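Notes follow the structure.
The values are calculated or read from the model by the stated rules, or taken from the named source; none is laboratory data. Keep in mind the model is a prediction, meaning the values are calculated, not measured. Ideal geometry is used to build each Cβ from the backbone, glycine not excepted, and the neighbour counts take in all protein chains shown.
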Amino acid sequence: MTAFLLILFAVLPGLLLSYAVFRADKYEHESAAALTLCFGLGAAATLPAIAFEKWVYPDTGLENLSAWKMVLVAFGAVAFNEELFKLLALLIGAFPWRYFNEPMDGIVYAVLVAMGFATTENILYINRFGAEPLLLRAFTAVPAHLVFGIVMGYYAGLAKFNPDKRNSLLLLGFGLAVLIHGIYDLLILQKSSDWLIVLASVALYLCLFYCGELVRIHQHNSPFRNK
């Protein structure tokens, strides 16, 4: 497979999901420049997050971990670490912008950050494993980052317009994203049962229905809805 096709397959899932959330913001679309910048910030956030993960556990280190250390890796080294860098990208980038002018924008910008992150992960996976994991990641890891992004973005959208509760709402969104991410990764990383990996995939797609409801809430409450 040519390098061009490998890169295309790595990038395409994130771009398609980015377009889907762009279309979901149906009452007042964000600019291409703002969306591209968020995607780029998410891509940049991947590098320190992955570096930290490699420092915590080498490529050969997962096989011999005890159960409680596996929990620490899933929730700490992966979920907390990755969601923290994505939150920082959202707060440093989109959150202060004047373009962030309705709660739905929290979901849009958080998902673009998440898709930038997931896309860069895909490209890094090509260097390590070649084309083999790309199809699987297109239906697992990339939609998982979509879920984490929607959850975090929903609460970021509320926080933007509730200054009295801003910190608590941001922490709630971050905490829920870490919780969902950590449970998902723990089920994927564990080696005791293949059925738990299947459960992670089923739970992921059930979470997408929940995320659809979060999107609909912000759509319904858009100040641009009746204009």
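Things worth noting here:
- Checking the stated criteria, Tyr57 turns out not to satisfy the condition of being among the aromatic types (Phe, Trp, Tyr) and under 21 Å from the mean Cα position of the chain (by Cα).
- The set of residues in the range 128-158 being among the aliphatic types (A, V, I, L, M), touching a residue at least 40 places away in the same chain (Cβ under 8 Å), more than 19 Å from Glu213 (Cβ to Cβ) and assigned to a helix (DSSP H, G or I) consists of Leu134, Leu135, Ala138, Val142.
- Filtering the range 180-197 to residues that are within 14 Å of the chain's Cα centre (by Cα) and hydroxyl-bearing (Ser, Thr, Tyr) leaves only Tyr184.
- Members of the range 121-148 that are modelled with pLDDT under 95 and among the β-branched types (Val, Ile, Thr): Ile123, Ile126, Thr140
- Those helices (runs of 4 or more DSSP H) of the range 4-120 in which at least 2 residues are at pLDDT 95 or above, of a type outside the set (A, V, I, L, M) and surrounded by fewer than 17 Cβ atoms within 10 Å (Cβ to Cβ), considering only elements entirely within it, cover 32-56.
- Restricting the range 159-178 to residues that are surrounded by fewer than 19 Cβ atoms within 10 Å (Cβ to Cβ) and touching a residue at least 12 places away in the same chain (Cβ under 8 Å) leaves a set whose member that is farthest from the chain's Cα centre (by Cα) is Phe161.
- Given (1) farther than 23 Å from Tyr19 by Cβ; (2) in a helix (DSSP H, G or I); (3) modelled with pLDDT under 95; (4) of a type outside the set (Lys, Arg), index of the condition Pro223 fails: (2)
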